Each structure stands twice: as structure tokens, then as C-alpha cells.
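Enquirer: Dumping the structure here so I can ask a few things about it.
The values are calculated or read from the model by the stated rules, or taken from the named source; none is laboratory data. Since the structure is predicted, the reported quantities are computational estimates derived from the model, not experimental observations. Heads up, the Cβs are rebuilt from the backbone with ideal geometry, glycines too, and the neighbour counts pull from every protein chain shown. With ligands, DNA and RNA removed, areas are computed over all heavy atoms of the protein, side chains included. Shrake-Rupley method; radii C 1.70, N 1.55, O 1.52, S 1.80 Å.
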Amino acid sequence: ATGGTTTTSGNSKIHSFTGDGNFVVSAVGNSCGSETVDYLVIAGGGSGGVDAGGGGGAGGYRFSDGTASESYCAGPSPLGASALPVSVTTYPITVGAGGAPVTSGGGNVGSNSVFSTITSTGGGGGATGTAGADAGGSGGGGKANNPTGGAGNTPPVSPPQGNPGGNGPASGAGGGGAGATG
């Protein structure tokens, strides 16, 4: 396969993408090899709200359990999904950007990242006094007049791609992360 920045670890080949591109599979495994790949797909995080608003939520965090490479795992093994089957084709890669900063109101959501059938959802924007927190891969944090943090793992996938944002006191609460609520 080709595409992205390629490194090797033991018998595994790792393709890293920091921007949009193509993962091109030119041959698949044989009867002694593998026709699956492990993956890690992270979306752009949301931006925070203004005036001590809630923090932006982390982008969705989706990964496989390391079964294809037998050595690589992008997260806690029991929480990962199965490796993804691939065929001889071109897989467009989308790397989501973080939510744009704001000068007024609530934060902006991050952009989705996509590989094959795996979509990680952008993080939710943080709340402010006049705008509520957004849902996303992980939700944005709440604040005073809009205290409820945004929902995480939206849309829902299994295993979950993120957590809800924290509920806001007078100042803003933290956005949700891959490992815990904000």
C-alpha cells in the first residue's frame, strides 16, 4: 500500500495522514497473510465559547484493537473495534480540522475525519451565556445560562468515540474527551 507518511515497525507498515490524501492498496494478503488493517481515526476538536465559555469537545476517537498487526493498538485493547478488511482499491482519507475560533457566542464544531467505513465525528463547540454546547464525537462544555454539556458519541457508534461535555458552573466547563466526561 502507499499513501501518507509511511514507517515500519517490525512486520507492520504504518501509514500516517496529517491532511487529506489517498490510501492506495495495490495488493492484499495471501493465505498466510492478512487482508485487514488496524486503524486510528481522530476528528478535529471543537472550539471553546467566548467570555469564560465552555471548552470545545475532543474530536471522535475510533481505533481497532491491533489484531491485524499483532503489535499495534491505538488505544486500550478491550475497547477497540475489529480490524477493517481492505481490497485492492483507493481509499480517500479525510482529516478533519479543529473548530474555528470565535470572537462572540458559542464555539464551533470540529470537522469529521474519514477512512473507508469509519467516520470520527468532530468535537462539539463549547457553550457561552447565549449559546448552548454542541454535541459531537465528544461534547462541548456547558456554561452558566446554558449549563448542560453537549452529548458525546454523537452519532452513536460502538465502541463509543467520545464522552459528554461537563456541566457548566458560572464559568465554563471542560469539553468531553476520548477517555472521560469534561
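Enquirer: Out of all the residues in region 106-136, which are surrounded by fewer than 24 Cβ atoms within 10 Å (Cβ to Cβ), under 19 Å from the mean Cα position of the chain (by Cα) and small (Gly, Ala, Ser)?
Expert: Filtering region 106-136 for residues surrounded by fewer than 24 Cβ atoms within 10 Å (Cβ to Cβ) gives 111-112, 114-119, 129-132.
Checking the rest, the ones that are also under 19 Å from the mean Cα position of the chain (by Cα) come to 111-112, 114-119.
Across region 106-136, the qualifying residues are SER111, SER116.
Enquirer: Next question. Among the residues in region 151-169, are any within 12 Å of ALA52 (Cβ to Cβ) and among the hydrophobic types (A, V, I, L, M, F, W, C)?
Expert: No, the conditions are met nowhere in region 151-169.
Enquirer: Return the residues of region 21-59 that are of a type in the set (A, V, I, L, M, F, W, C) and surrounded by fewer than 18 Cβ atoms within 10 Å (Cβ to Cβ); say none if nothing qualifies.
Expert: Kept after step one, since they are of a type in the set (A, V, I, L, M, F, W, C), are these residues of region 21-59: 23-25, 27-28, 32, 37, 40-43, 50, 52, 58.
Scanning region 21-59 gives VAL24, VAL25, ALA27, VAL28, CYS32, ALA52.
Enquirer: Out of (1) farther than 22 Å from GLY140 by Cα; (2) open to solvent by less than 70 Å² (accessible area, probe 1.4 Å); (3) in a loop (DSSP other than H, G, I, E, B); (4) in contact (Cβ under 8 Å) with a residue 12 or more places away in the chain, what's the single condition that is false for THR18?
Expert: Of (1) farther than 22 Å from GLY140 by Cα; (2) open to solvent by less than 70 Å² (accessible area, probe 1.4 Å); (3) in a loop (DSSP other than H, G, I, E, B); (4) in contact (Cβ under 8 Å) with a residue 12 or more places away in the chain, only one is false for THR18: (2).
Enquirer: Would you mind stating whether THR103 is open to solvent by 20 Å² or more (accessible area, probe 1.4 Å), over 18 Å from the mean Cα position of the chain (by Cα) and more than 30 Å from SER26 (Cα to Cα)? First the steps, then the outcome.
Expert: On the way: open to solvent by 20 Å² or more (accessible area, probe 1.4 Å): yes; over 18 Å from the mean Cα position of the chain (by Cα): yes; more than 30 Å from SER26 (Cα to Cα): yes.
Judged against the criteria, THR103 is a match.
Enquirer: Right, another one. How many residues does region 46-62 contain that are in a loop (DSSP other than H, G, I, E, B), within 8 Å of the chain's Cα centre (by Cα) and of a type outside the set (A, V, I, L, M)? Quick ask: steps written out before the conclusion?
Expert: At the first step, the residues of region 46-62 found to be in a loop (DSSP other than H, G, I, E, B) are 46-60.
Among the residues that remain, those that are also within 8 Å of the chain's Cα centre (by Cα) are: 58-60.
Okay, now just the ones that are also of a type outside the set (A, V, I, L, M), so 59-60.
Count: 2.
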